[in-house]
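Take a look at the structure below.
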Amino acid sequence: MMADTGKPLTGRKVAMIFVACFGVIIAVNLTLAYNAVSTFPGLEVKSSYVEGVGFDERRDAQMALGWDVSAQVAGEGLTLTILKGGVPVEAEIQSAVFGRATSVAEDQFPVFRFDGEAYVARLEAPGDGNWNLRLVAKAEDGTMFKQRVVVNVVN
């Protein structure tokens, strides 16, 4: 049972309640939309059609390399390992971008050197969390290899 406050619920009060509730909903939606758009890192490719035309052929050629790629961070060092059948592979690193998946603000561009076992590069100490290494490499036979390697960083 409702307590009688002595004041009647008028149309004006109902309208104000209605406007206030929808005002909160609209304000929250606008805030979320702004945050979604302002933190979007940008396009992955300039033209998805052009990128998709030869995708199957490039994927099949890349899979035929049989490479197992992994990366890890220890302190300020990034180690990239490329193996084929458990044996280290020396490839030509075309480009490498180390950064977060959701933002380009902390992107780093490591310069790798091959030490006979793996590729090593120095980084500015990354914070904890999930990071990606977006790698483009070229095999000895000219096959291009593109992969986004997930790197979990725990300091």
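The values are calculated or read from the model by the stated rules, or taken from the named source; none is laboratory data. Model, not experiment: these values are computed from the prediction. Note that we place each Cβ from the backbone using ideal geometry, even for glycine, and neighbour counts take in every protein chain shown.
Of these, 64, 101, which one is assigned by TED's automatic domain parsing to the domain that holds residue 137 and either part of a helix (DSSP H, G or I) or modelled with pLDDT of 90 or more (or both)? After ruling out the rest, the residue left standing is 64.
Listed conditions (1) over 21 Å from the mean Cα position of the chain (by Cα); (2) not in a loop (DSSP other than H, G, I, E, B) are all met by residue 141, apart from (2). The number of residues in the range 102-151 being more than 13 Å from residue 80 (Cα to Cα), of a type outside the set (Phe, Trp, Tyr), touching a Phe, Trp or Tyr at 6+ places or on another chain (Cβ under 9 Å) and free of Cβ contacts under 8 Å to residues at least 24 places away in the same chain comes to 3. Could you look through the range 49-71, keep only residues that are in contact (Cβ under 8 Å) with a residue 40 or more places away in the chain and loosely packed, with under 15 Cβ neighbours inside 10 Å, and pick out the one that is farthest from residue 131 (Cα to Cα)? Selected residue: 64.
Residue by residue through the range 108-136, note down the ones that are within 16 Å of the chain's Cα centre (by Cα) and either closer than 17 Å to residue 147 by Cβ or among the hydroxyl-bearing types (Ser, Thr, Tyr) (or both).
109, 130, 131, 132, 133, 134, 135, 136
Residue-wise test of (1) hydrophobic (A, V, I, L, M, F, W, C); (2) surrounded by 11 or more Cβ atoms within 10 Å (Cβ to Cβ).
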{"site": "83", "(1), (2)": "yes, yes"}
{"site": "89", "(1), (2)": "yes, yes"}
{"site": "106", "(1), (2)": "no, yes"}
{"site": "110", "(1), (2)": "no, yes"}
{"site": "116", "(1), (2)": "no, no"}
{"site": "150", "(1), (2)": "yes, yes"}
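Of all residues in the range 84-97, none satisfies being closer than 15 Å to residue 152 by Cβ and assigned by TED's automatic domain parsing to the domain that holds residue 147.
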